[in-house]
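Asks: Let me begin by handing over the structure; questions about it come next.
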Amino acid sequence: MIIDNHPFSVNEKGHLEIGNVDTVELANEYGTPLYVYDVAKVRKNCRAFINTFTKLGVKAQVTYASKAFSTIAILEVINQEGLSLDVVSEGELYTALKADFPTEKIHLHGNNKSEAELIMAIDNNIGCIIIDNFYEIELLDRLLKEKNKQMDVLFRVTPGVESETHQYIMTGNEDSKFGFNLQNGQIEHAYHMVQGHPNIKLKGLHCHIGSQIFTTKSFTLAIEMLFTLIAKWNQTDNFIPEVMNFGGGFGIRYTKDDRPLPQAEHVEKIVETVESEITKLSIPMPEIWIEPGRSIVGDAGITLYTVGSMKSIPNVREYVAIDGGMADNIRPALYQAKYEGIIANKADKAPTKTVSIAGKCCESGDMLIWDLPVASIEHNDILAVFSTGAYGYAMASNYNRFQKPAVVFVEDGTAQLVVKRETLDDIIKNDLSYTKNSNLTGR
Ligand SMILES: Cc1ncc(COP(=O)(O)O)c(C=O)c1O
Ligand SMILES: N[C@@H](CCCC[NH3+])C(=O)O
């Protein structure tokens with residue numbers, strides 16, 4: 001049985017299953033809150049992108065944006081599936097190195113890369129740095145000269161395209177902290193600047209217009225904008241891009257109101273648009289790179305919670321509190337993100353009422369789901385929230401000194417712990433006593 005379009009099934013006990021594993025048993029064994037990933041679904045998402053490029057005969061790199069969910073285990077799966085990797089920090093790069101990710105397939109992003117991050121990237125011979133700003137050109141050039149090395153780069157362009165998404169996750173519009181602006185000529189300046197820096201090898205351009213996008217329109221527009229630059233540089237300097245990178249942002253289904261396009265449709269439209277642009281310019285097809293994050297892991301993950309206290313305000317609302325909330329999933333509080341869920345131990349029962357799921361942080365805004373239809377609900381029921389695989393665990397915090405949840409992978413009917421639950425000692429592991437005036441006791 002498919003649950004309301006989410007690819008999960010219900011077993012004979014009436015329990016929700018993910019990857020043929022009983023979620024109630026997972027909650028019992030590993031505790032809650034618990035992030036659970038269906039690895040087969042991650043693989044399927046990877047293949048949907050890669051296979052379309054292969055089918056179209058286009059040379060491509062599908063680069064997993066690891067900010068969506070970066071742990072050693074997921075990077076191992078991503079590597080098995082043949083994807084490249086986008087990292088944005090020393091921490092993400094370190095995780096990739098510890099996962100033995102091939103360094104030539106790692107790309108470094110960031111709007112304020114530190115010297116330490118650039119050095120780590122250079123020393124590990126990563127495949128590409130996506131340069132974001134003028135300061136970075138100078139910094140990278142100095143470091144490359146000091147180390148007598150060269151580095152392939154792309155320029156991140158802000159094409160001035162507004163994608164239809166939440167303002168906080170819109171990145172390609174002109175008033176953005178990311179990249180070189182196209183409209184005001186910054187990107188032209190960067191292009192001329194890099195000509196005098198032979199250690200920096202400009203391979204092409206990059207843009208990322210935003211996240212959770214449901215149409216191909218904004219991507220098409222952004223590609224066309226980028227090719228206006230290529231056209232100009234091709235005419236003046238014979239510049240031919242080896243690579244064009246159009247970022248990530250492909251939307252997924254969180255709720256029944258979301259209508260994501262199949263990955264293949266995005267890829268086909270990107271390829272079609274690039275083909276039309278290169279034909280106009282009579283230049284060869286560049287390698288196409290994309291950077292999906294959410295659409296690789298988002299709908300492969302769920303979160304399991306245990307139901308605790310309940311509060312009914314007659315004629316207003318019924319609050320049902322769970323043992324997690326904004327500390328393990330900040331997205332509802334940060335972006336008003338909407339989720340769907342189900343009582344995992346009553347997954348075969350039809351909804352009888354509507355409740356609102358409250359987190360346990362000391363914030364009125366810590367509401368995970370407003371107005372969720374559920375079967376009868378009791379203490380210790382297990383709530384499963386769907387499509388939490390991207391930017392859920394990755395954005396988890398220790399607010400209120402909650403311990404970060406464990407993460408379990410399921411595949412072929414078996415489960416494996418891949419991130420341990422934090423302990424109370426983890427919570428204080430970096431705390432030190434303040435020793436000055438330690439003789440002043442309890443005044
Ligand atoms: C540069 C860049 N690439 C890729 C991504 C991944 O986006 P998404 O997870 O929406 O696919 C992001 C995040 O928005 C990003 O900033
Ligand atoms: N973290 C955001 C998306 C930002 C992606 C990074 N540029 C989300 O949860 O939707």
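Any read-out appearing in this document is the output of simple, stated calculations on the displayed coordinates, not a laboratory observation. The structure presented is a predicted model; accordingly, all values stated were derived computationally and were not measured. Glycine gets a Cβ as well: all are built from the backbone with ideal geometry, and neighbour counts include every protein chain shown.
Asks: log10 I(q)/I(0), Debye, Cα-only the range 109-292, no solvent, q = 0.12 Å⁻¹?
Replies: After summing over all Cα pairs, the log10 values are -0.58.
Asks: Would you calculate, for the chain, the mean residue ellipticity at 222 nm contributed by helices, counting each DSSP H stretch of 4 or more residues as -39,500 (n - 2.57) and dividing by all residues, to the nearest 500? Show your work: numbers first, answer last.
Replies: Details: 12 runs with 130 residues, N = 443.
-9000 deg cm²/dmol, from helical runs alone.
Asks: Could you pull out every one of the lysines with an alpha carbon less than 20 Å from that of Lys98, ignoring same-chain neighbours closer than 8 positions?
Replies: Lys67, Lys420
Asks: Which trypsin sites (Lys or Arg not before Pro) from the range 72-163 combine a DSSP loop assignment with at most 13 other Cβ atoms within 10 Å?
Replies: In loop regions of the range 72-163 (DSSP not H, G, I, E or B), the sparsely surrounded trypsin sites (Lys or Arg not before Pro) are Lys149.
Asks: Let me know the charge dipole size of the range 109-292 about its Cα centre in debye, to the nearest 20, where only the beta-carbon of Lys, Arg (+1) and Asp, Glu (-1) is charged.
Replies: 140 debye
Asks: Say R0 is 51 Å: what FRET efficiency, to the nearest 0.05, do Thr54 and Asn380 get from their beta-carbon distance?
Replies: Given R0 = 51 Å and the Cβ-Cβ separation, E is 0.60.
Asks: Another question about this same structure. Could you calculate the FRET efficiency of Ser9 with Thr279 from 1/(1 + (r/R0)^6), where r is the beta carbon distance between them and R0 is 45 Å, rounded to 0.05? Intermediate values should be presented prior to the final figure.
Replies: On the way: r = 47 Å, r/R0 = 1.04.
That pair, Ser9 with Thr279, gives E of 0.45.
Asks: Under the rule of at least 5 residues apart or a separate chain, name every residue whose amide H is placed under 5 Å from the amide H of Phe69.
Replies: Tyr391
Asks: Assuming a strict under-21 Å limit between Cα atoms, what lysine pair count do you get for the range 109-292 once near-sequence pairs (fewer than 8 apart, same chain) are dropped?
Replies: Number of lysine pairs found: 19.
Asks: Go ahead and run the numbers for FRET between Ala116 and Asp431, Cβ-Cβ distance against an R0 of 30 Å, rounding to 0.05.
Replies: Once the sixth-power term is evaluated, E becomes 0.75.
Asks: In whole angstrom, note down how far apart the Cα centers of the range 403-428 and the range 211-274 are.
Replies: Centre-to-centre distance over Cα atoms comes out at 36 Å.
Asks: What are the ³J(HN,Hα) couplings of the range 332-346, residue after residue, when phi is run through the Karplus curve with 6.51, -1.76, 1.60 and θ = phi - 60°? Round to Hz, x for glycine and proline.
Replies: Rounded to whole hertz, the list is x, 6, 7, 10, 6, 5, 10, 10, 10, x, 8, 6, 5, 8, 9.
Asks: Continuing with the same structure: Dipole magnitude of the chain about its Cα centre, charges +1 at Lys/Arg Cβ and -1 at Asp/Glu Cβ only, in debye to the nearest 20?
Replies: Values: 42 positive and 57 negative charges, 88 e Å.
It works out to roughly 420 debye.
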